[in-house]
Amino acid sequence: MDEPSAILVVDEDPSIRDVLVQKLEALGYRTLEARNGREALDKVAIEAPDLILLDVLMPVMDGFQACRLLKDNEDTRLIPVIIMTALHAVEDRIAGAEAGADDFLTKPVDDRELEARIRSALRMKHTMGRKLRQAEQVRDHYAKFIPEVVKRLVAANPNAPELGKREQDAAFVFVDIAGYTALSERMAADLLSQLVEQYFSAFLDTIHEHGGEISSTVGDGMLILFHRVDPVAHSEMAARTALSLLDVTERLAQTGSGPPVSVHIGISSGFAAVGSTRFEGLRGTRWVYTAEGFVTNLGSRLADLADAGQILICPESARRLSSQFAIQALGPRKLKGIGEAMEVFRLERAHLAAVPGQ
């Protein structure tokens, strides 16, 4: 059973409040009372009513000021306000309309008019509430398809968010499931998908804790992006993330469901075109936040070269990480899709120095 609507009656005169309260309760409404505009605002802050009956002339704060403050407040502007005025008080109605009042009642209040105007105002409020809830459900659904970083950029600057790609320094971690092809040959597609999802889901908290953004996932691979800080800092964030992901993978291989899985990881650092891209089709819009350029692809190529449980890094990443992490030079290696052999380094699991602040 639906709870009765709550109506706040605001009037300096206790006898008028009593009459209105009796009438409203006889109609099945729950009532609240206030003696002036300030008291009304205090009551609304504690419990927001479904409708407010508001007198004009009151001490401390009059009805016009109270109405204006209610309508200026994001949390209370949708509460219907019906202002009660004297007969022929045209100026009061104009002032009330300017303050944002939703409707007016003439004193002495006629019972039938009171009931009709309240029902009309509540019907409108409930209709708006229902439409807002539907809009929020739609927004929440489509939010699933928008990366968190895009949401933050829009929230920070709704009118002109920095959504376009621009060249900037970044670090990239590419994580790949080792032996994915062999797994796909002996596991049903839906079970393999669940297994990959189990591991990638476990990676999320670690990635976010270290300030990373998941740029994309393709089959058994995940690209993680670090930027918005100085070059050395975000390269160190990438390294700590990669090392933590190895730990998470080992724990999950021991405790998770399905066959144990290992990963191989590549880290690259340097300049790339970083930002959001919007794809528009006949059936809707999809946002992605990613990067393009040689450095982005380099992380993937290093992951391809790495053995299970290995983290391979490029020369620039090695230069940035050498003072804080143990790094082993492996010599020049040929990477898929890259013409000349490149010096490749392995990030070891033992740190050379403690991480500042830990």
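The values are calculated or read from the model by the stated rules, or taken from the named source; none is laboratory data. Only a predicted model underlies this, so the values are computations on that prediction, with no experimental measurement involved. Cβ placement follows ideal geometry from the backbone for every residue including glycine, while neighbour counts extend to all protein chains displayed. Heavy atoms of the whole protein, side chains included, go into the accessibility calculation; ligands, DNA and RNA do not. Shrake-Rupley method; radii C 1.70, N 1.55, O 1.52, S 1.80 Å.
Quick look at the numbers
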item	result
Total formal charge among the other residues, if their Cβ is under 10 angstrom from that of Asp102, Lys/Arg +1 and Asp/Glu -1	+2
Residue among Ile52, Ala34, Leu78 farthest towards the positive dipole end of the range 1-136, charges placed on Cβ	Leu78
Prolate/oblate/rounded call for the range 23-130, Cα gyration tensor, a/c under 1.5 rounded	rounded
The range 1-86 shape via C-alpha gyration tensor axes, a/c threshold 1.5	oblate
The range 195-272 - accessible surface per residue (Å², probe 1.4 Å)	39 Å²
Förster radius 56 Å - calculated FRET efficiency between Ala45 and Arg251, Cβ distance, rounded to 0.05	0.75
Global geometry of the range 216-261, whether rounded, prolate or oblate, following the gyration tensor of its Cα atoms and the 1.5 cut on a/c	oblate
Accessible area in the full protein assembly, largest first, 1.4 Å probe, for Arg186, Arg68, Arg17	Arg186, Arg68, Arg17
Net lengthening on full extension, Gln22/Thr181 (0.36 nm per residue, minus Cα-Cα)	49.6 nm
Relative contact order of the range 4-135, defined on C-alpha pairs under 8 angstrom at six or more residues apart (%)	21 percent
Carbon + sulfur, % of accessible area of the range 1-96 - ligands and nucleic acids excluded, 1.4 Å	52 percent
